[in-house]
Amino acid sequence: MGSGKSKEPDAESTRKGDIDFTRYKARVDRVNVSGLSRTQNDYIQRAIRSLFTASNFQDVILETTTAKDNLMQLGIFKNLKIHIDTSKGEGATKNGYEVTFKGDELSRITGSIGTELGQNDGAATAELTSPNIFGRGERLSLNYSYSYVRSSVLNLRFTKPYYHTVVGDYSPETSISVFKHSSPAPWSKFRTDETGLLLDFSFMLPFGLSNSLQYEVGMKEIFALDKQTPFFIRENCGPKLAAIARYIGVYEGRDSNVFPTNGVFIKTTNELMGSSLTQLGIVKSDLHCELNVPLFAGISMQMCGRIGMLINDKRKEAVPINQLFFPGGPQSLRGFEIAGAGPYRDGVAAGCQSYWASGIHVWSPLPFSRYFGGFGDLFRTHLFYNFGTCNAFTTDKLRSTAGAGLAFRIGQKARIEFNYCHPLSFEAGDRVKKGFQFGIGYEFI
């Protein structure tokens, strides 16, 4: 921080204890941002404007930290340092300060190699990015990932933010992507290859509601995985033109993404699908909700549920096999194999057009975790009860499982679960997995 001292205290500060900086009048006269070569001035103005609302030195410190976070979120800086000093020269006021941000812009080409986690899946990734192309946060990125489940993903994406406009407070951003995906579904013995174009417009609303409006158009082709693929699956094979209008809404009110003890999480995905813009005959909706309530001694209760529904106009479109729901597995109904809690036909999962699943958990830190330091915070134990069914919104043909397990946090978004599962109710033909079950992902029921 700078070496400047407050020019006029409101009152004599106490010599004992912490200094109360709110008692010192202060204002920001000038803000300097150095190290910019490609970035336009108007792109950073909104990120620092809150500095000029400071009325005391405590406000100056807090607003400076907020402004630094805002500047780093613009995606144009590699690093950023702060310097605060008394205001001098022309335009300086009695209690004025000058805040300087010293940063280094990202190079024109950046790259990264790493790993990422999906739902019961891990992938090796490589990305090449050209940030801040035209000086207002535009990005062009090429991403490739390879995994066992989603065998390959290739994305070329151009992103344009609008933080510098009059609607910048809502974090609007548009993007256009060209993609090529390949996703096998071994439980049904088919693979889906997708090539297309994705248009996306995302924005934030008050109360932390994140929104994304998307339109996707491209070619989707289903392949049989082997010679044993049943005929009713092969009927779906072949290339088809597909168009999807999609809305994704997310409310994040939890105190942690991985091991929350308090708060609410809601995510909804709604799609209108068809073979073209004028032939949208399929509606698909998926809703996930989660409520966390703290109890005592670090123990918390979690209640979560997920519901999915697919409706189609048979006069326009038949539902392809890759758009159906396949409930079951460590992320949804524990105690069942992936896609094992639904109808089977000719030895493979046939999918369903609706389902619901719910779960009740009691989460607890490890006993004596305080003796392990920060390492103990990576683990949680839980007791759980999962239940749900498919092709009905009643308790008919209810599947349920009870059990206990140990979870390990990976970063701030995903976790690994080792659970002992005891299925309590199931239907003939379900793929039950009694005993230990392993799961990895970021969204569980």
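The values are calculated or read from the model by the stated rules, or taken from the named source; none is laboratory data. Computed from a prediction, not measured in an experiment: that's the story for all the values here. When we count neighbours, we look across all protein chains shown, and the Cβ atoms used for this are built from the backbone with ideal geometry, even at glycine. Protein only, heavy atoms only, side chains kept; ligands, DNA and RNA dropped before computing areas. Shrake-Rupley method; radii C 1.70, N 1.55, O 1.52, S 1.80 Å.
At 1.4 Å probe size, with every protein chain present, just tell me what the per residue accessible area of the chain comes to in Å².
52 Å²
Hey, can you rank 333-341, 33-41 by average C-beta count inside 10 Å, highest first?
Result, highest mean first: 333-341, 33-41.
Only helical DSSP H runs with n ≥ 4 go in: add -39500 (n - 2.57) per run for the chain, normalise by residue count and round the 222 nm mean residue ellipticity to 500 deg cm²/dmol.
One gets -2000 deg cm²/dmol as the mean residue ellipticity at 222 nm.
Order 249-262, 354-367 from most to least packed using the mean count of other Cβ atoms within 10 Å.
354-367, 249-262
Between Thr268, Thr229, Thr93, where does the largest GNM mean-square fluctuation fall for the chain, given springs only between Cα atoms within less than 10 Å?
Result: Thr93 has the largest fluctuation of those listed.
Calculated from the structure, Rg and Dmax of the Cα atoms in Å equals which of (i) 28.3, 89; (ii) 64.3, 241; (iii) 26.6, 86?
Evaluating Rg and Dmax of the Cα atoms in Å on these atoms matches (iii).
Carbon-plus-sulfur fraction of the accessible area of the chain, 1.4 Å probe, in percent?
Ligands and nucleic acids excluded, carbon and sulfur give 58 percent.
How much length is gained on full extension from Phe134 to Asn262, taking 0.36 nm per residue of separation minus their Cα-Cα distance?
Here the answer is 41.9 nm.
Go through the chain and flag any cysteine with no other cysteine's C-beta closer than 4.7 Å, please.
Isolated Cys, the chain: Cys237, Cys289, Cys304, Cys421.
If amide H atoms are built 1.01 Å from N in the plane of the peptide, which residues on other chains or at least 5 residues away come under 5 Å of the amide H of Phe77?
Distant-sequence amide H within range of Phe77: Leu106.
Could you pull the accessible area for Met309 with a 1.4 Å probe, rounded to 10 Å²?
80 Å²
Give me the net charge of Phe77's neighbourhood, meaning all other residues with Cβ under 13 Å from the Cβ of Phe77; Lys, Arg count +1, Asp, Glu -1.
Charge balance in the 13 Å sphere: +2.
Roughly how tilted is helix 57-73, in degrees to the nearest 10 and between 0 and 90, from the longest Cα axis of the chain?
On a 0 to 90 degree scale, this one is about 40.
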